[in-house]
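Here's the structure, in structure tokens; my notes come after.
The values are calculated or read from the model by the stated rules, or taken from the named source; none is laboratory data. Predicted model only: the values in this text are computed from it and were never measured. All Cβ positions, glycine included, derive from the backbone under ideal geometry; neighbour counts span all protein chains shown.
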Amino acid sequence: MKECVKHNIKIIPIPGPSAVAAAVSISGFSEKFIFYGFLPEKKQLLTNVFNKISNSGETFVFFISSKKINKIIPELKKYFSGRKMVFCREISKVYEEFIRKDVDDLEIFNKDLKGELTVVISEKKIEKNYSQELSESDMSIINKMINKLTIKEITEIVSQNKDVSKKEIYNYCLKLKNEI
């Protein structure tokens, strides 16, 4: 799905028993999600919900009336900055529509949307700062383990306490295995 979204390939969900499942399936976001249902109308309750959910790393799905969406756009921008979202309307019906936006680029809808929206907000990106290369001591440790453990096990062990990407460790292990 992520590649289809990236290349602007039209995605159409297969109708099913749940707008939530259909919306998440075409979102291109993580399949691990929190579903809230309809958001509360009172500002303080909405703030409490967004405070809790925005700190979670999961994809967030909720329903909202198209008449109320413009009221919460400032709150979405405040709590979900840096994420992507999809507004899904009339899923599997004649006027089906999917509006993809970066949360930071959201603006008030000028046209009248009809019906209820299923809104999917992407998972929170957690940036890890990796050093570019394995150190000599990391390589030495891997050399000692290469004949005793699987590449997967070595990758897990070395990556736990190091700022090196798992891919870097894995590739180094493959290189060693091919030399043996």
Requested in this report: Would you be able to say whether some residue in region 88-101 is in the same structural domain as Tyr36 (by TED's automatic domain parsing), among the hydroxyl-bearing types (Ser, Thr, Tyr) and either assigned to a loop (DSSP other than H, G, I, E, B) or over 30 Å from Asn8 (Cβ atoms) (or both)?
Outcome: yes
Report summary line: Subset of region 69-118, residues among the hydroxyl-bearing types (Ser, Thr, Tyr) and over 18 Å from Tyr36 (Cα atoms), comes to Ser81, Ser92, Tyr95
Report summary line: By residue number, the members of region 1-43 that are in a helix (DSSP H, G or I) and of a type in the set (S, T, N, Q) are Ser25, Ser27
